[in-house]
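The values are calculated or read from the model by the stated rules, or taken from the named source; none is laboratory data. Worth saying up front: this structure is predicted, and the values here are computed from it rather than measured. In this analysis, Cβ positions are derived from the backbone assuming ideal geometry, glycine residues included, and neighbour counts consider all displayed protein chains.
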Amino acid sequence: MKHLPIFSGNEIGNRLARLRKNPTQKKRIFLPPGRYFLEEPIILGPEDNGLVIEGAGGEETFILGAKRITGWKKEGKFWVAYLPQVRERKWDFRHLYVDALPVPRARLPEKGFLEHESVFDGHWMSTTYGGWDRKPSLKELTTLIYKKGDIGKWFDPVNAEVTVHHCWDESLVGVAKHDSRQRKLIFSPPSGHPPGAFGVKTYVVWNLKQGMHYPGQWYLERNQGKLVYWPRSGEEIEETEVWAPILDTIIFLQGKEDEPVRDISFSNFSLAGSGSPLRAGGFGACEYPGAIELRNVCHCQFRQVSVFSTGAWAIRGEGKCIRVENCEIHHTGAGGINLQGDDHEIKGNRLHQVGTSYRSGIGIRLAGRTAKIIKNHIFNTPYSAIVCSQDGHLIQANSIEKAVTQLTDGAAIYITFCKNVTLRGNLVSQIKGGRPPGASAYYLDEQASHCLVENNLAVEVDYPSHNHMASNNSLVSNIYINRKDMRITFPRCSNYIFRGNLLWSGGKIVFTNLAAITQFENNFLSSQVNRVLSLKLNDYSLIEEEDFSLGENILVNIPIFCKEKWARV
């Protein structure tokens with residue numbers, strides 16, 4: 001990328017302005033090879049309907065929402081750049097990109113998490129039943145009590161930011177006050193859930209000098225306007241390119257409810273270098289913006305666009321008939337693609353290394369009706385790879401591995417508050433996690449009904465199928481293979497069909513709450529230890545464990561095809 005010429009971001013704005021002045025001219029902007037550093041987002045409205053923006057290719061045309069940092073000086077083992085706009089509070093950022101990829105902020109502790117002593121005694125009743133049984137107070141949402149010795153007088157609330165972990169999401173907050181006598185941090189803004197909620201008591205402190213443990217880290221001293229970076233081996237001050245984001249959103253399609261933005265097409269370029277605001281991210285980090293943000297959009301297309309090194313989402317917004325095809329999305333701070341509305345199509349994309357800053361980020365998240373998610377390859381996601389709600393979606397022929405690597409209560413494919421959704425022909429592998437809420441391949445959660453899960457494959461997943469508070473769904477002709485124990489779970493579910501499935505387990509096969517299944521027939525079960533168990537539940541509590549009654553199903557002990565060939569399975 002460094003060999004490409006540098007253009008002012010005004011170049012794109014000027015060409016757009018000329019098109020608007022001459023409405024009879026063909027609405028096309030071709031961006032020749034180069035790096036376009038924007039100072040303001042590209043904002044497109046209904047007056048731009050029909051516009052085509054095309055680059056010379058993802059490795060040649062780059063649109064960037066960041067500023068190049070120059071004027072570095074060596075101070076010991078660090079590089080230092082002074083930024084007057086930061087000192088004057090006109091610029092702030094929490095992401096840094098070195099040679100086009102994100103580098104980690106100073107972090108306490110170096111690995112793992114700190115544990116706090118805050119307690120929240122509220123009971124989570126599920127989303128269906130209103131969330132918390134009592135509303136958390138503002139004090140509970142803004143106070144963390146840390147353990148003695150974890151934080152000292154060196155703690156600087158001006159620079160420090162804190163990630164408070166919850167169950168399936170987290171909150172990034174600033175610190176308004178540090179009370180060292182009572183061992184309290186007072187947040188601003190509030191966290192999404194109180195510290196200690198769900199019984200989770202972990203947190204991380206960012207952006208302090210004390211958190212610089214290894215080369216590649218950085219921090220920002222706001223009062224001095226001082227950016228500090230610890231160079232990695234081989235990095236030279238004259239040759240290394242460093243970006244700091246100045247835009248959270250780089251391209252913004254802003255339509256009106258009665259006059260949408262429509263028929264705008266983007267292709268053959270890369271987009272990178274955005275930031276993110278200081279706030280709680282909510283479920284799936286969905287409260288964070290997109291590098292491409294869409295409002296009231298119809299029939300717009302993204303083809304062969306690469307979006308990477310973003311502070312939050314790659315593409316986020318709402319509308320109708322949005323198509324994202326053959327794009328690559330990676331190294332995003334939050335998630336990949338997050339769309340609301342009807343009739344979207346997400347096809348043939350490659351998504352990986354999402355959630356680099358906010359580990360609740362999701363690969364693809366859709367809320368609406370009749371979307372198609374087809375033939376995408378998704379891997380290395382800290383939370384779920386695909387999440388869908390509402391009705392009529394088709395999720396087909398996607399390949400997913402290594403999802404839910406950091407959080408819990410997620411899946412490779414997770415659907416909830418929906419009906420008539422079809423999961424067909426998907427391949428899921430290498431999902432690790434403990435008992436639910438943990439990590440599964442195919443997860444039908446609250447109010448999922450009349451959904452069909454058929455002809456899917458799960459390999460090396462302890463919980464290939466987890467179902468919770470769902471009803472009237474069919475699991476048909478799926479293949480689940482796992483070298484360890486395998487668990488198929490149905491807590492608080494009813495009226496399921498489980499037919500024609502093949503289950504191969506190197507250990508036990510355990511079904512939880514078989515009372516939820518009204519048709520359990522023609523399944524092929526292979527346990528290498530000859531144990532298939534049924535666990536009876538009362539709500540979530542175990543009542544009885546017993547051997548499974550075969551009925552119209554087949555139980556055999558088949559050796560694994562060939563241990564040397566397992567990697568191909």
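Restricting attention to the stretch 195-205, the residues being of a type in the set (Val, Ile, Thr) and either surrounded by fewer than 19 Cβ atoms within 10 Å (Cβ to Cβ) or not in a strand (DSSP E or B) (or both) number 2. Every residue in the stretch 427-447 that is hydrophobic (A, V, I, L, M, F, W, C), closer than 23 Å to residue 124 by Cβ and either free of Cβ contacts under 8 Å to residues at least 12 places away in the same chain or touching a Ser or Thr at 6+ places or on another chain (Cβ under 6 Å) (or both), please. Answer for the stretch 427-447, where residues must be hydrophobic (A, V, I, L, M, F, W, C), closer than 23 Å to residue 124 by Cβ and either free of Cβ contacts under 8 Å to residues at least 12 places away in the same chain or touching a Ser or Thr at 6+ places or on another chain (Cβ under 6 Å) (or both): there is none. Looking only at residues of the stretch 311-338 that are among the polar types (S, T, N, Q) and within 12 Å of the chain's Cα centre (by Cα), we find that the one that is nearest to residue 407 (Cα to Cα) is 332.
Considering only the stretch 503-513, I want to know if a residue exists there that is of a type in the set (Gly, Ala, Ser), closer than 22 Å to residue 391 by Cβ and out of contact with any helix residue (DSSP H, G or I) (no Cβ under 7 Å at 6 or more places or on another chain). Within the stretch 503-513, not a single residue is of a type in the set (Gly, Ala, Ser), closer than 22 Å to residue 391 by Cβ and out of contact with any helix residue (DSSP H, G or I) (no Cβ under 7 Å at 6 or more places or on another chain).
Residues considered: 247, 227. Of these, the only one that is in a strand (DSSP E or B), of a type in the set (A, V, I, L, M) and farther than 21 Å from residue 374 by Cβ is 227.
Residue by residue, here is whether (1) part of a strand (DSSP E or B); (2) not basic (Lys, Arg) holds:
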{"site": "110", "(1), (2)": "no, yes"}
{"site": "115", "(1), (2)": "yes, yes"}
{"site": "121", "(1), (2)": "no, yes"}
{"site": "126", "(1), (2)": "no, yes"}
{"site": "129", "(1), (2)": "no, yes"}
{"site": "136", "(1), (2)": "no, yes"}
{"site": "139", "(1), (2)": "no, no"}
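Of all residues in the stretch 303-326, those satisfying the criterion of being touching a Lys or Arg at 6+ places or on another chain (Cβ under 7 Å) and of a type outside the set (Gly, Ala, Ser) are 318, 325, 326. Of all residues in the stretch 318-338, those that are part of a strand (DSSP E or B) and surrounded by 24 or more Cβ atoms within 10 Å (Cβ to Cβ) total 6.
On inspection, residue 316 passes the criterion of being closer than 20 Å to residue 168 by Cβ, of a type in the set (D, E, K, R) and not assigned by TED's automatic domain parsing to the domain that holds residue 452. Residues in the stretch 553-569 that are touching a strand residue (DSSP E or B) at 6+ places or on another chain (Cβ under 7 Å) and either surrounded by 13 or more Cβ atoms within 10 Å (Cβ to Cβ) or modelled with pLDDT under 80 (or both): 553, 555, 556, 557, 558, 569. Would you say residue 7 is assigned by TED's automatic domain parsing to the domain that holds residue 355 and not charged (D, E, K, R)? It is true that residue 7 is assigned by TED's automatic domain parsing to the domain that holds residue 355 and not charged (D, E, K, R). For the stretch 368-385, the condition of being closer than 17 Å to residue 470 by Cβ, buried (at least 23 other Cβ atoms within 10 Å of the Cβ) and not aromatic (Phe, Trp, Tyr) holds for at least one residue. Set side by side, the residues 95, 116 differ, and just one is assigned by TED's automatic domain parsing to the domain that holds residue 182 and touching a strand residue (DSSP E or B) at 6+ places or on another chain (Cβ under 9 Å), which is 116.
For the stretch 206-221, the tally of residues that are surrounded by fewer than 19 Cβ atoms within 10 Å (Cβ to Cβ) and either assigned to a loop (DSSP other than H, G, I, E, B) or free of Cβ contacts under 8 Å to residues at least 40 places away in the same chain (or both) stands at 4. Tell me, please, whether a residue that is more than 18 Å from the chain's Cα centre (by Cα), free of Cβ contacts under 8 Å to residues at least 60 places away in the same chain and crowded, with 19+ Cβ neighbours inside 10 Å can be found in the stretch 389-404. Yes.
Among what's in the stretch 48-59 and is of a type in the set (D, E, K, R) and modelled with pLDDT of 95 or more, pick the residue that is surrounded by the most Cβ atoms within 10 Å (Cβ to Cβ). Per the stated criteria, the residue is 48. Scanning the stretch 405-426 for residues that are buried (at least 18 other Cβ atoms within 10 Å of the Cβ), among the β-branched types (Val, Ile, Thr) and out of contact with any Ser or Thr (no Cβ under 6 Å at 6 or more places or on another chain) yields 405, 413, 415, 421. Answer yes if at least one residue in the stretch 232-242 is part of a strand (DSSP E or B) and touching a helix residue (DSSP H, G or I) at 6+ places or on another chain (Cβ under 9 Å), and no otherwise. Scanning the stretch 232-242, I find no residue that is part of a strand (DSSP E or B) and touching a helix residue (DSSP H, G or I) at 6+ places or on another chain (Cβ under 9 Å), so the answer is no. Per this entry, residue 179 is counted among residues that are of a type outside the set (Gly, Ala, Ser) and free of Cβ contacts under 8 Å to residues at least 24 places away in the same chain. Here residue 63 meets each of (1) within 26 Å of residue 319 (Cα to Cα); (2) buried (at least 16 other Cβ atoms within 10 Å of the Cβ); (3) modelled with pLDDT under 90 with one exception, condition (3).
Residue by residue, here is whether (1) within 32 Å of the chain's Cα centre (by Cα); (2) in contact (Cβ under 8 Å) with a residue 24 or more places away in the chain; (3) in a loop (DSSP other than H, G, I, E, B) holds:
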site	(1), (2), (3)
11	no, yes, no
14	no, no, no
24	no, no, yes
30	yes, yes, no
35	yes, yes, no
39	yes, yes, yes
43	yes, yes, no
74	no, yes, no
93	yes, yes, yes
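Among the residues of the stretch 405-426, the ones that are at positive phi and within 14 Å of the chain's Cα centre (by Cα) come to 1 in all. Condition (residue is in contact (Cβ under 8 Å) with a residue 24 or more places away in the chain and within 23 Å of residue 354 (Cα to Cα)) applied to the stretch 467-481: is it met by at least one residue? For the stretch 467-481, residues in contact (Cβ under 8 Å) with a residue 24 or more places away in the chain and within 23 Å of residue 354 (Cα to Cα): absent. In the stretch 347-439, counting only strands (runs of 3 or more DSSP E) that sit wholly within it, the ones holding 2 or more residues that are under 27 Å from residue 491 (Cβ atoms) and of a type outside the set (A, V, I, L, M, F, W, C) span 386-391, 410-416, 422-424, 427-431. Within the stretch 45-55, being in contact (Cβ under 8 Å) with a residue 60 or more places away in the chain and in contact with a Lys or Arg (Cβ under 9 Å, 6 or more places away or on another chain) holds for 45, 46, 48, 49, 50, 51, 52, 53, 54.
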